[in-house]
Amino acid sequence: MEGDVVGMIEENKTSAPKLLVVWMAVGSFAYFGVLLRLGLVALETAIIEGAAGESSMIDLGFSAGFYLPNIFGCIFLGCLDEIHARRTYLFNTPLGSLFKTGFGTGFCGSLTTFATWMVFSTSHFFEGYVALGLFNMFVGLMVWNASYRIGFHLPHLANFPSHHPPLFV
């Protein structure tokens, strides 16, 4: 039993710095995800303000500023998943694993705004617009699923090589 305690203490000595590094990577990538999110929200707002059928687009939730960030976030996640599946050796190193965690959790997590979308959609239910709330949920799920699929296939379109490490590293 005493050996187990000593082993746990030794393990925790090395895991605390690792946790700090992961925390810093996620936080650093999240900063850039938020910057992109703010830019995409501004772009979405500018597009809506210039649209002819502005009121109908606002009713569908386009003014809430979550469609473009979620679309881009899903595309990035799809790309990351496909590159990870095709080139797992890139992420087997500590730096590669740190990049995947930072980019997938930090950058994409702060870029996507699914909580905002859910609040917007469920608020329709509470306001009595059940059909609009269901429509918004359905459209959102379809758009973001399609965005993920597009991102998943982008490495194929870019002729991203698969499964074989480069000859000279």
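Nothing in this text is a laboratory measurement; each read-out follows from the coordinates by a stated rule. All values derive from a computational prediction rather than experimental measurement. Cβ placement follows ideal geometry from the backbone for every residue including glycine, while neighbour counts extend to all protein chains displayed.
Can you order the peptides 93-104, 144-155 by their average number of other Cβ atoms within 10 Å per residue, highest first?
The packing order, highest mean first, is 144-155, 93-104.
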Task: Protection proxy ranking of 74-83, 20-29 - average other beta-carbon atoms within 10 Å, highest first - done: 74-83, 20-29
